[in-house]
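Here is the structure we will look at.
Read-outs: derived from the displayed coordinates by stated rules, not from any lab. Just so we're clear, the structure is a prediction, and the values are computed from it rather than from any experiment. Every residue, glycine among them, receives a Cβ derived from its backbone with ideal geometry; neighbour counts consider all protein chains shown.
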Amino acid sequence: MKPSPEKKFRFYVFGFYLLLFVIWQALFSLRIIPDYLFPSPLQVGWRLWELGNDGMLWPSIKATLVRMAIGFSIAAGIGLVIGMPMGMSRVVNSCLKSLFLGLQTLPSAAWVPISLLIFGLSDSGIYFVVIMSSVAAVAIATSDGILHIPPIYLRAARTLGTPGYAMPFRVILPAALPRVVTGVKLGWTLGWHGAVSAELIKSSIGLGYLLYWGRELNDAAQVLGIMVLTILFGLLLDRFLFGQIEHRIRRRWGLLTSA
């Protein structure tokens with residue numbers, strides 16, 4: 001019995017990351033870079049274990065995830081509310097899309113200084129950075145999704161008697177969902193960057209703070225370990241949260257290609 005394409009895919013992905021691990025260990029063994037600047041995978045893993053035993057790792061992970069959950073929920077709501085009129089009006093879209101495209105060119109870290117001036121050293125400033133980093137992506141994706149809805153969907157809804165006030169949430173937003181979810185994924189990624197960037201300066205707990213603390217201690221193992229954790233959480237959230245949501249929506253709308 002042949003393995004399924006999905007199992008083959010997982011095998012290749014596992015092999016790829018195993019190869020990266022072997023290359024990392026090989027480069028460390030060659031001593032091309034001093035080990036205090038380029039620690040081995042085992043040293044990084046041991047440092048994360050120490051942070052966990054010291055009671056610093058899990059509270060920091062929890063703090064960052066809670067900040068992201070609150071900040072991004074607000075950002076997603078604002079993005080949807082702004083993106084829907086953008087998609088339903090060419091004039092509004094022309095005006096606001098250029099503004100949001102400009103905002104997207106700003107690095108997430110660029111919002112940290114203004115948040116310090118407005119909110120000081122508080123969690124409100126971190127929420128602000130998350131929101132400003134991600135709201136544009138959600139709004140643009142929502143408007144693009146609405147603009148690319150096949151007109152026949154709207155005509156069919158009107159023919160079946162859908163009232164005008166119900167069109168946005170009964171027809172327009174559901175039809176735009178595949179593109180909206182893609183924008184939400186991008187917005188989450190940008191917001192995650194913003195949260196960690198803000199925690200580098202504005203917090204005494206969080207993954208960004210652990211990065212800052214590792215830098216202050218010249219602890220490359222801690223810095224690399226937190227970087228690996230940040231990447232890992234991004235991959236896990238994409239695979240088990242946004243990936244599952246996107247898969248179900250695409251299956252619901254018949255957008256999945258057969259293997």
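Some notes on this structure:
- In terms of other Cβ atoms within 10 Å, Ile146, Ile201, Ile140 run from fewest to most in the order Ile201, Ile146, Ile140.
- Volume of the convex hull of segment 19-75 (Cα atoms only), normalised per residue: 118 Å³.
- ³J(HN,Hα) computed for each position of segment 129-144 - Karplus, 6.51 cos²θ - 1.76 cosθ + 1.60, integer Hz, glycine/proline x: 5, 4, 5, 5, 6, 10, 5, 5, 4, 5, 5, 5, 5, 5, 5, 5
- Each residue of segment 15-26 was assigned a 3J(HN,Hα) from its phi angle through the Karplus curve 6.51 cos²θ - 1.76 cosθ + 1.60 (θ = phi - 60°); the sequence is x, 4, 6, 5, 5, 4, 4, 5, 5, 4, 5, 5 Hz, with glycine and proline shown as x.
- Computed 3J(HN,Hα) for segment 177-183, one whole-Hz value per residue from the Karplus formula 6.51 cos²θ - 1.76 cosθ + 1.60 where θ = phi - 60°, is 4, x, 6, 5, 4, 4, x, glycine and proline marked x.
- Between helix 220-237 and the chain: long-axis angle, C-alpha atoms, 0 to 90°, nearest 10: 30
- Shape class for segment 20-127, computed from the alpha carbon gyration tensor (a ≥ b ≥ c): prolate, with a/c not under 1.5 and a/b above b/c.
- Kirkwood Rh and Cα Rg combined as Rg/Rh, segment 149-192: 1.16
- Peptides 219-225, 186-192, 153-159 ranked from most to least packed give 186-192, 219-225, 153-159, packing being the mean of other C-beta atoms within 10 angstrom over each peptide's residues.
- Gyration tensor (Cα) of segment 62-252, equivalent ellipsoid semi-axes in angstrom: 36, 18, 12
- Extension gain, Ala26 back to Ala156 (0.36 nm per residue minus Cα-Cα distance, nm): 40.6 nm
- Degrees between helix 90-104 axis and first principal axis of the chain (Cα, 0 to 90, nearest 10): 0
- For the pair Ile70 and Asp219, label points projected 7 Å from Cα toward Cβ lie 2.6 nm apart.
- Among Ile231, Ile131, Ile172, sorting on how many other beta-carbon atoms sit within 10 Å of each Cβ, with the fewest leading, yields Ile231, Ile172, Ile131.
- Simple spin-label estimate for Arg90 and Leu121 gives 5.3 nm between the two label positions (7 Å along the Cα-to-Cβ direction from each Cα).
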